[in-house]
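A short worksheet on the structure shown next.
The values are calculated or read from the model by the stated rules, or taken from the named source; none is laboratory data. Quick caveat: nothing in here was measured; it's all calculated off a predicted structure. All Cβ positions, even for glycine, are placed from backbone atoms using ideal geometry, and neighbour counts span all protein chains on display. Just so you know, the surface numbers come from the protein's heavy atoms only, side chains and all, with ligands and any DNA or RNA stripped out. Shrake-Rupley method; radii C 1.70, N 1.55, O 1.52, S 1.80 Å.
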Amino acid sequence: MSIFQQITSKNFQVCYKNVKFKEKLFQYSRYFSSKSSTNQQETYNTSAAKTFVTFQDKVRKRRSEAKKSIIVQVQSAQSFKELYSYCSSFGNIKQMFHYSAGIEPMHFILVEFQQIDAVKAALSSGTFIENNTICPTHSQFLWFRAGAKKFSERKHKKIELSVTDGLKKLSSDCLKKELRCCESISDQINTLYDMSKLTDLESRLRFLTARQIEMSLAGMFPNAQVLPFGSSVNGYGKIGCDLDVVLTLDNEKEAPDSRLIFHCKGSSGVDRSLNMRNLETIGDILHLFLPGCTRVRKILQARVPIIKYYHQFTDVECDLSMSNVSGVHMSDFLYMMGALDPRVRPLVFTVRRWAKDVGLTNSTPGRWITNFSLTLLVLSFLQRPLHSPPILPALNTLVKSAGSKDSFVTEEGVNCTFLRDIDKLHHNVSNTESLESLLCEFFEYYSQFDFKTKSVCLNEAVTLSKPDHSPLYIVNPLERGLNVSKNVSLEELDRFREEVKNAAWLLQSTGDTNSPNWGLLSILGTIKHKSKLTFNFNSPKNHRLMHVKELFVEGENDVKISEIEFKNNVVKKQVEEIKKENVKLMKSLSSIKGTVR
């Protein structure tokens, strides 16, 4: 049920009392900006629409929007009229988005022009404050200082902000109130997805963050590209997700007819060491010159060297790499899987939110299962559900259907060839199960999965024998020799199996909509975790059950054990016997020592 259907139903008064009017308006903007994803009959159109936008076209569109946009820091949202009047002198403005970031907070307006030339004109008119302590850097991030006089607004058409306060965080309490207003678990799943997914403004900000790096390198590398991948573009990104980007310095093919060849320095060393040196230099550029880039950290010894930093103007945590182009193609594959059926992304969002709330995932790297691994687990399940027909095809089906334009092999030799346009895929789905049914099936499926001997493989949609002794083995669909879940410990896998069993039981036993924690609410944020372990390496000695020295005594008659709380009398007797044996041993050693003297 859509949000509009909810507020026009008998639940309107309840929703109105529980949620502030401003928060409700904020939710409407999210719902009306996306398609209604379900209806009361829970019917699904399983055939792909003939207007499918490929991943490459989507990225190309977002990159084009970023090239035609600037971000301007302003005093408040009310500054947009004066900013519109000033910027209209550079070209026609298409849209304007307001958001705030930071603790203070700082207010920004994203201005999208109709043409790229307008951005060039705006940047050419920009200036620097006369201050020897600043680095005079050109970028699409500016601030709007007060003018001597206001520009006339009569010459311009009436304009409004497309979005106001676009980065406002949605509270957990507000989400729970909305979930309580739903009529079924399937409605809850769709509501969770619609209220949690990445917004249009957040997508724009991520591409502008990537665009800043391109512009900073354009002088030496005019063909450089900084391509987002991961959750920001694959359709599974939630509000506030991190930005993963990969930098390629030259994406143009050689022109065989040109007789003028650029002189270039030859690279020295292997690709990995070269990437590490390049990233180290780029990290310095981010830290020293690019406005908004803070908390720059160089993690160069990882399997994939990265630069981590935070962009305070777009409120985005970023990971920059130079050797992970296969990640872009993986994002393309995940994007297609999500587009094949409208139930895929809501189901992935729900499983990932559940895993976060029960403590299975963690924001810091470690032995925990990752959101990427969880996404592959959901897709693998949808390829062969327990009690219903398949919903998603195997990756090899896409490989066999690929055309000449779908062939891609990375510089590292990773074959990323598969069909990119699902309109050309003949994939008929007969599965009409509801989201509620599929979620229960997911938990049931992995509660009985043989993780001990089997691996998860999306290439053939079958379970294979594990090639090593990793607790959890999920085959990387594009680099089949890699295990994407190699970091997961046996303890965390056992916790995952226990939690899926608990979730399956809770969903089946809490179906009463009159209960305050029914349906998804029974598995989201209501479980108290006991799995967060703390290790104390400096424990005081008096915390020990007993000291080793108490097993050794000086005198023959000193066999009485100090006041120690034993588990039972058997253990106490065993300790007494050990002490007696030690007394005899000490005597024998003393006699030997005397003989030697």
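Per-residue answers, yes or no, for (1) of a type outside the set (Lys, Arg); (2) at pLDDT below 95; (3) farther than 24 Å from Gly240 by Cα:
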site	(1), (2), (3)
Glu23	yes, yes, no
Ser34	yes, yes, no
Asn45	yes, yes, yes
Arg62	no, no, no
Ala66	yes, no, no
Val74	yes, no, no
Phe80	yes, yes, yes
Leu110	yes, no, no
Against the condition buried (at least 19 other Cβ atoms within 10 Å of the Cβ) and not in a loop (DSSP other than H, G, I, E, B), how does Leu478 come out, does it pass? no
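Could you go through the range 98-116 and let me know if any residue there is of a type in the set (Asp, Glu) and within 27 Å of Ala224 (Cβ to Cβ). Give the derivation first.
Just the residues of the range 98-116 that are of a type in the set (Asp, Glu), to begin with: 104, 112.
In the following step, the residues that additionally are within 27 Å of Ala224 (Cβ to Cβ) were identified as 112.
Yes, the range 98-116 contains at least one residue that is of a type in the set (Asp, Glu) and within 27 Å of Ala224 (Cβ to Cβ).
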For the range 445-465, enumerate the residues that are under 25 Å from the mean Cα position of the chain (by Cα) and of a type outside the set (A, V, I, L, M, F, W, C). Tyr445, Tyr446, Ser447, Ser455, Asn459
What about Pro385, is it in a loop (DSSP other than H, G, I, E, B) and open to solvent by 20 Å² or more (accessible area, probe 1.4 Å)? no
The correct count of residues that are in contact with a strand residue (DSSP E or B) (Cβ under 9 Å, 6 or more places away or on another chain) and under 18 Å from Leu386 (Cβ atoms) in the range 432-454 is 3
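Would you confirm, using the coordinates I've provided, whether Asp244 is more than 26 Å from the chain's Cα centre (by Cα) and among the charged types (D, E, K, R)?
In short, no.
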State which residue pairs qualify: first residue free of Cβ contacts under 8 Å to residues at least 24 places away in the same chain and open to solvent by less than 60 Å² (accessible area, probe 1.4 Å) and inside the range 499-521, second residue part of a loop (DSSP other than H, G, I, E, B) and of a type in the set (Phe, Trp, Tyr) in any location, beta carbons under 6 Å apart, and separation of 6 or more residues or different chains. Thr510/Trp518
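This table checks each residue for (1) more than 25 Å from Glu317 (Cβ to Cβ); (2) in contact with a strand residue (DSSP E or B) (Cβ under 7 Å, 6 or more places away or on another chain); (3) of a type outside the set (Phe, Trp, Tyr).
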site	(1), (2), (3)
Ser69	no, yes, yes
Gln73	no, yes, yes
Gln78	yes, no, yes
Tyr86	yes, no, no
Asn92	yes, yes, yes
Phe97	no, yes, no
Ser100	no, yes, yes
Ile103	no, no, yes
Index of the failed condition, Tyr446 passing every other in (1) over 22 Å from Glu491 (Cβ atoms); (2) modelled with pLDDT of 95 or more: (1)
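Working only within the range 324-381, note down all residues that are assigned to a loop (DSSP other than H, G, I, E, B), basic (Lys, Arg) and modelled with pLDDT of 95 or more.
Scanning the range 324-381 gives a single hit, Arg343.
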Taking the range 253-275, which residues are within 20 Å of Gln225 (Cβ to Cβ) and open to solvent by less than 100 Å² (accessible area, probe 1.4 Å)? Ala255, Ser267, Leu274, Asn275
Quick one: count up the residues across the range 432-454 that are of a type in the set (A, V, I, L, M, F, W, C), in a loop (DSSP other than H, G, I, E, B) and open to solvent by 10 Å² or more (accessible area, probe 1.4 Å). 1
State all residues of the range 297-324 that are over 15 Å from Cys241 (Cα atoms), aliphatic (A, V, I, L, M) and buried (at least 20 other Cβ atoms within 10 Å of the Cβ); if no residue qualifies, say none. Ile306, Ile307, Met322
Given the residues Lys265, Lys298, which is the only one that is at pLDDT below 90 and not in a helix (DSSP H, G or I)? Lys265
Among the residues of the range 328-370, which ones are small (Gly, Ala, Ser) and open to solvent by 10 Å² or more (accessible area, probe 1.4 Å)? Ala339, Gly359, Ser363, Gly366
Using the structure shown, decide if Phe418 is more than 28 Å from Trp354 (Cα to Cα) and aromatic (Phe, Trp, Tyr). yes
Pairing a residue in the range 455-474 that is surrounded by fewer than 17 Cβ atoms within 10 Å (Cβ to Cβ) with any residue that is not in a strand (DSSP E or B), where Cβ atoms lie under 7 Å and the two sit 6 or more apart in sequence or on different chains, gives Glu460/Ala394; Glu460/Asn396; Ser465/Thr453
Test result for His287, open to solvent by 100 Å² or more (accessible area, probe 1.4 Å) and either in contact (Cβ under 8 Å) with a residue 24 or more places away in the chain or part of a helix (DSSP H, G or I) (or both): yes
Considering only the range 404-431, how many residues are surrounded by 11 or more Cβ atoms within 10 Å (Cβ to Cβ) and among the polar types (S, T, N, Q)? 5
